[in-house]
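Trainee: Please read through the structure below; I'll follow up with questions.
The values are calculated or read from the model by the stated rules, or taken from the named source; none is laboratory data. Just so it is clear, the structure is predicted and the values come from calculations on it, not from any experiment. We place every Cβ from the backbone using ideal geometry, glycine too, and count neighbours over all the protein chains shown. The area values use the complete protein model at the heavy-atom level, side chains included, leaving out ligands, DNA and RNA. Shrake-Rupley method; radii C 1.70, N 1.55, O 1.52, S 1.80 Å.
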Amino acid sequence: MAEKTPTQILEDEHRFIEKIVNAMPVLVKALEAGQKMDVEMLREIVEFMQTFADRCHHGKEENLLFPILGAKGVPLDGCPIGALTREHKQGRALVAELTTGIEAYAKGDPAASEALVKTLGGLINLYPNHIWKEDYLLFPMTNKVLSADEQQELLVKFAAVEAEVGQDVHARFEQLAQTLSALAQTAPKVH
């Protein structure tokens, strides 16, 4: 079996992130209905977003992919890299808000549910469009711009990021994604 390209690895990571983000509307509906949320599960979502989505996935893009594209003449401030970098920052800000909201919710703050709904809504709105831009704009361009040797070099660097994050962490996040994905699929549809 042929080794995956860097963009295929990043696309696989997108599918993983989508499992978490696609479960967020179920959490929003539960919060809006006044249902009690599992605070530890919410904290695990934050950990996933900080460790996997940001440090691992966005880290590969910002620290490895974007610089090599910039060296090949792709503008770092223009489209699509500048917009994607701004969206990464927006995602970090939303996850920081989510962290604050979860801690307020855990302490019983009555306004926390509304804050969580707003922040989860921001993540729900951000990620599908962001992922689309990468899958259909950035990655096809990357595959045209980078040579086979440059792609191989990126694969080695991606593997180093993976080793730093750790397989056990990935396995735990995969379990969380499966749990949330099942929750999203079994939740009653509200129209």
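Trainee: Considering (1) touching a Leu at 6+ places or on another chain (Cβ under 7 Å); (2) over 23 Å from His170 (Cβ atoms); (3) at pLDDT 95 or above, say which one Arg86 fails and leave the rest.
Mentor: For Arg86, the failing item is (1).
Trainee: If Pro6 passes every condition in (1) open to solvent by less than 10 Å² (accessible area, probe 1.4 Å); (2) within 11 Å of the chain's Cα centre (by Cα) but one, which one does it miss?
Mentor: The single condition Pro6 does not satisfy is (2).
Trainee: Could I ask something else about it? Is there a residue being in contact with an Asp or Glu (Cβ under 7 Å, 6 or more places away or on another chain) and either under 26 Å from Gln175 (Cβ atoms) or open to solvent by less than 10 Å² (accessible area, probe 1.4 Å) (or both) anywhere in segment 15-34?
Mentor: No: zero hits.
Trainee: Sort out for me the helices (runs of 4 or more DSSP H) sitting completely within segment 93-191 that have 3 or more residues that are under 20 Å from the mean Cα position of the chain (by Cα) and farther than 21 Å from Gln50 by Cα.
Mentor: 139-145, 167-186
Trainee: Looking at segment 40-62, which of its residues are open to solvent by 50 Å² or more (accessible area, probe 1.4 Å) and within 10 Å of the chain's Cα centre (by Cα)?
Mentor: Across segment 40-62, the qualifying residues are Gln50, Arg55.
Trainee: Taking segment 115-128 as the search range and keeping residues that are open to solvent by 30 Å² or more (accessible area, probe 1.4 Å) and without any contact (Cβ under 8 Å) to a residue 40 or more places away in the chain, which one is nearest to Glu61 (Cα to Cα)?
Mentor: Asn125
Trainee: Related question: Need the failing condition index for Asp12 against (1) out of contact with any Phe, Trp or Tyr (no Cβ under 9 Å at 6 or more places or on another chain); (2) buried (at least 20 other Cβ atoms within 10 Å of the Cβ), just the number.
Mentor: (2)
Trainee: Still on this model: So if I check each of Phe139, Phe173, which one is over 30 Å from Ala30 (Cβ atoms), surrounded by 15 or more Cβ atoms within 10 Å (Cβ to Cβ) and touching a residue at least 60 places away in the same chain (Cβ under 8 Å)?
Mentor: Criteria check complete, one pass: Phe139.
Trainee: Also, I was wondering about something else. Mind counting the residues in segment 94-110 that are open to solvent by less than 50 Å² (accessible area, probe 1.4 Å) and either in contact with a His (Cβ under 6 Å, 6 or more places away or on another chain) or free of Cβ contacts under 8 Å to residues at least 60 places away in the same chain (or both)?
Mentor: Summing the residues that are open to solvent by less than 50 Å² (accessible area, probe 1.4 Å) and either in contact with a His (Cβ under 6 Å, 6 or more places away or on another chain) or free of Cβ contacts under 8 Å to residues at least 60 places away in the same chain (or both) in segment 94-110 gives 6.
Trainee: Which of the residues that make up segment 1-37 are of a type outside the set (A, V, I, L, M, F, W, C) and assigned to a loop (DSSP other than H, G, I, E, B)?
Mentor: Within segment 1-37, Glu3, Lys4, Thr5, Gly34, Gln35, Lys36 meet the criteria.
Trainee: While we're here: Going by what's in this entry, would Glu134 be described as open to solvent by 50 Å² or more (accessible area, probe 1.4 Å) and more than 25 Å from Gly101 (Cα to Cα)?
Mentor: no
Trainee: Of everything in segment 63-93, what is in contact (Cβ under 8 Å) with a residue 12 or more places away in the chain, open to solvent by 80 Å² or more (accessible area, probe 1.4 Å) and among the charged types (D, E, K, R)? Give them in sequence order.
Mentor: Lys72, Arg92, listed by residue number.
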